[in-house]
Amino acid sequence: VQGTGGSSAVSKCSAAARGYIQDRFLRLLVGRRRRRRAPLVHRGYYIRARAVDHCVQDFLLKTQCHPRTQIVSLGAGFDSLYFRLKDIGLLHHTVVYEVDFPNVACQKAALIKRMKELSALVGDVGGEGLGVITFSGEDYKLLGVDLSELPELERALEEAGLDNEIPTLFIAEVVLTYMENSRSDALIQWAAEHFSQACFLLYEQIHPEDPFGRVMQQHFRQLNSALNSLAQYPDCEAQQRRFFKKGWTECSVMDMNEFFTCCTPEDEQQRVQALEPFDEYEEWHLKCSHYFVLTASKGMEPSWTPLLSNMTVPRSDGPVGVAGSITATVCAMHSEISGLRRYGHHSVLIKPNVILTTGGFGEEDGHHCRMRSFHVLFKHAGYWKAGYVKKENPDKRRDERLYHTVSCVSNSLALVVGGRTSPSSASLGMLWLKFPEICNASEAEDITVELVSLQPAAEPAASRWRHSTTEVIFKGEKYLFVYGGRSAIEPVLGDWYFLHTQELSCTEIPVEGPVPESRHSHSACGWKGGVLIAGGLGAAEQPLGSIFFLRQLEHGFQWQTVETHPLLIPRYSHTAHVHDGRLLLVGGVWFHSSSVPGLTVIDLITGLCLNYMINVEHLEWPLMLHNHSSVFLTNEKELLLIGGGGNCFSFGTHLNPGPVSLSLSHILASH
């Protein structure tokens, strides 16, 4: 548990070095342990620091008319809160008490004494720290006490001068969850009962049972620091009930997606989003949906409500209406299929019962990397088996791509469009994949794919990723409709191209109607000679719930809005298929933290929108349905889910181990 505090300080220090948070004291407190963290970790620690600062500064502002106030930081570790507040002149009449394990408090006290920049802010100490008080300044007290021993904590705080009659803010930043629930509950109740004007700020994890939550829990168990509060308090509502039950009269709570959207000014959101090349939206939003910030108070006049926002963004934590469930089963296979533990790849049905998968990031030869190998699945006599793909003319740079598209344009030809290697390198252009015309799934064990690089005139169409390409036929000519995505320069694109599949040049075809807002990570399907675009991530990194139909007219195309009832829950990073007048949306990421997206079926004639949950009881591992691919087998009414997963914040990478099958016959038969 003590190790998590040190790791957290190192991550905050890395975020500060990259400009996410303004904090010149972290580097002094972290010392030589400094490490450069990934952009995803920087964002995660930014939103944590932002939430704590937002609430602490609100407390200091609301209580500035009081002659004296107090802050008690529980499990403070190597946090720099006191030094930052003192430095910017916010502690005129406030004393800060920090509490942590005795050895952590002693280490921090020694650090402060050694560092002139720190000791100068605390001022004249007047002797060494005594007993549990390892450091004592005029407005700063550092105590070495085990928080789970409440009588000892109470004695130490009293000895250090804590006054239970003045406004007091308690801060617990990923601390209480490591304690036994009976002890953390007792601490919450004690703070409410013993202080006449009390405020509490809590930042912790939620949602232990969904796929991301299971990976998160496993990570902390492996660190021997299990998250004890999750079983009893699994969501925001349970935490709110906990505080009311323990004697607090006001309590507000929101997950970090809601905090970022509602309590972070738009210009600040844009500043953070532009700090580093970034492309891990799914993991960022999932991380934010698994952490919450809670503020509670009692006896405060006026009441303390720092999480009440001025914005009217609809809350997305209510239950999702579910029409039924679909059971996920591991694919029936002749032998174990390796090579499909990947995400950000693309799978395409190149012939009946033959699926080709290319690109992505995954596991190869025991380590994680961008995937160079292609993969082929053959179905024979009801079983899937893996074949070997022999590549002719391989090229490391253009083979290793993520978030590209692959479109079959004939029995022996597929076109790869766009994709990226890293978020700052995306000009991978296009690639022909040539494979044999005759390929009998019952006999084939391997397949040869020839790679042919292209330098077409349609370069702008291909310099993107997280886009879509959909085949349309207009006036007898075959085109690929390339839409949306993002590029190394533009974080979101709203343009489109009609790419002539034979000449590989872009053709001007008139398009009328209201233009959809820019998006990436959406889905696109061909239907009735046009294209259905659903969901995606918009300009402000917010999921979209709109569906557009690019309808074919005699002289060109026209954008039309598809209305659904109830409204489609905004989502992105899903896959989609059309069958018999119905649009099937598979998986993805949404802000509805009460559940994860399963299968949504939209009747394109009536607009009826039904959500089905995916029953995963037959799977031995968490099924992460984002950054996956899916193939719909029309005759069997079977949906094959391939790959998926991602980098789960600092908890490790999760890759779905193998293909999963969903039988949709009972849902689609009812039409």
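The values are calculated or read from the model by the stated rules, or taken from the named source; none is laboratory data. Just so we're clear, the structure is a prediction, and the values are computed from it rather than from any experiment. So basically every Cβ, Gly included, is an ideal-geometry build from the backbone, and we count neighbours across all protein chains shown. Just so you know, the surface numbers come from the protein's heavy atoms only, side chains and all, with ligands and any DNA or RNA stripped out. Shrake-Rupley method; radii C 1.70, N 1.55, O 1.52, S 1.80 Å.
Please identify the pairs in which a residue from region 554-566 that is in a loop (DSSP other than H, G, I, E, B) has its Cβ atom under 7 Å from the Cβ atom of a residue that is open to solvent by 30 Å² or more (accessible area, probe 1.4 Å) and of a type outside the set (D, E, K, R), counting only partners at least 6 apart or on another chain.
Pairs that qualify, where the first residue is in a loop (DSSP other than H, G, I, E, B) and the partner is open to solvent by 30 Å² or more (accessible area, probe 1.4 Å) and of a type outside the set (D, E, K, R), are His555/Pro510; Gly556/Pro510; Gly556/Val511; Pro566/Gly321.
Which condition does Asp23 not pass, out of (1) closer than 29 Å to Tyr281 by Cβ; (2) open to solvent by less than 10 Å² (accessible area, probe 1.4 Å); (3) among the acidic types (Asp, Glu), if it passes all the others?
The single condition Asp23 does not satisfy is (2).
I need the strands (runs of 3 or more DSSP E) fully contained in region 585-671, keeping only those with at least 3 residues that are open to solvent by less than 10 Å² (accessible area, probe 1.4 Å) and under 26 Å from Pro543 (Cα atoms).
Here the list reads 599-603, 638-642.
Filter region 383-407 down to residues that are crowded, with 16+ Cβ neighbours inside 10 Å and closer than 16 Å to Leu640 by Cβ and give me whichever is nearest to the chain's Cα centre (by Cα).
Of everything passing the filter in region 383-407, Val406 is nearest to the chain's Cα centre (by Cα).
Can you tell me which residue in region 58-105 is surrounded by the fewest Cβ atoms within 10 Å (Cβ to Cβ), limited to those that are free of Cβ contacts under 8 Å to residues at least 24 places away in the same chain and over 25 Å from Phe195 (Cβ atoms)?
For region 58-105, the residue satisfying everything is Gly89.
Name the residue, out of Lys141, Lys113, Lys108, that is charged (D, E, K, R), at pLDDT below 95, buried (at least 20 other Cβ atoms within 10 Å of the Cβ) and touching a Phe, Trp or Tyr at 6+ places or on another chain (Cβ under 8 Å).
Values: Lys141 fails: at pLDDT below 95; Lys113 fails: buried (at least 20 other Cβ atoms within 10 Å of the Cβ).
When all the criteria are applied, what remains is Lys108.
I'm checking my understanding of the structure. Among residues of region 333-366 that are small (Gly, Ala, Ser) and not in a loop (DSSP other than H, G, I, E, B), which one is surrounded by the fewest Cβ atoms within 10 Å (Cβ to Cβ)?
Of everything passing the filter in region 333-366, Gly362 is surrounded by the fewest Cβ atoms within 10 Å (Cβ to Cβ).
Can you say whether Gly646 is over 13 Å from Gly587 (Cα atoms) and under 18 Å from the mean Cα position of the chain (by Cα), as far as the supplied structure shows?
yes
May I ask you to verify whether Pro436 is under 28 Å from Glu636 (Cβ atoms) and either in a loop (DSSP other than H, G, I, E, B) or at pLDDT 90 or above (or both)?
Spelling it out, Pro436 is indeed under 28 Å from Glu636 (Cβ atoms) and either in a loop (DSSP other than H, G, I, E, B) or at pLDDT 90 or above (or both).
Take Leu493 and tell me if it is without any contact (Cβ under 8 Å) to a residue 60 or more places away in the chain, open to solvent by less than 60 Å² (accessible area, probe 1.4 Å) and in a loop (DSSP other than H, G, I, E, B).
Yes.
Anything in region 184-198 that is under 14 Å from Leu74 (Cα atoms) and in contact with an Asp or Glu (Cβ under 9 Å, 6 or more places away or on another chain)? List them, or say none.
Trp190
Among the residues of region 367-382, which ones are within 13 Å of Leu655 (Cβ to Cβ) and open to solvent by 70 Å² or more (accessible area, probe 1.4 Å)?
His367, His368
Conditions tested, residue by residue: (1) small (Gly, Ala, Ser); (2) at pLDDT 95 or above; (3) closer than 17 Å to Glu173 by Cα; (4) assigned by the TED database to the domain that holds Gly646.
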{"position": "Ser8", "(1), (2), (3), (4)": "yes, no, yes, no"}
{"position": "Gly19", "(1), (2), (3), (4)": "yes, yes, no, no"}
{"position": "Asp23", "(1), (2), (3), (4)": "no, no, no, no"}
{"position": "Arg36", "(1), (2), (3), (4)": "no, no, no, no"}
{"position": "Thr63", "(1), (2), (3), (4)": "no, yes, no, no"}
{"position": "Arg68", "(1), (2), (3), (4)": "no, yes, no, no"}
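Output the number of the condition that Ala15 fails; it satisfies all remaining conditions of (1) under 24 Å from Gly89 (Cβ atoms); (2) in a loop (DSSP other than H, G, I, E, B).
So the condition that Ala15 fails would be (2).
Which residue is surrounded by the fewest Cβ atoms within 10 Å (Cβ to Cβ), if the candidates are limited to region 473-490 and must be more than 21 Å from the chain's Cα centre (by Cα) and of a type in the set (A, V, I, L, M, F, W, C)?
Among residues in region 473-490 that are more than 21 Å from the chain's Cα centre (by Cα) and of a type in the set (A, V, I, L, M, F, W, C), the one surrounded by the fewest Cβ atoms within 10 Å (Cβ to Cβ) is Ile489.
How many residues does region 451-472 hold that are out of contact with any helix residue (DSSP H, G or I) (no Cβ under 7 Å at 6 or more places or on another chain), open to solvent by 20 Å² or more (accessible area, probe 1.4 Å) and at pLDDT below 95?
Of the residues in region 451-472, 8 are out of contact with any helix residue (DSSP H, G or I) (no Cβ under 7 Å at 6 or more places or on another chain), open to solvent by 20 Å² or more (accessible area, probe 1.4 Å) and at pLDDT below 95.
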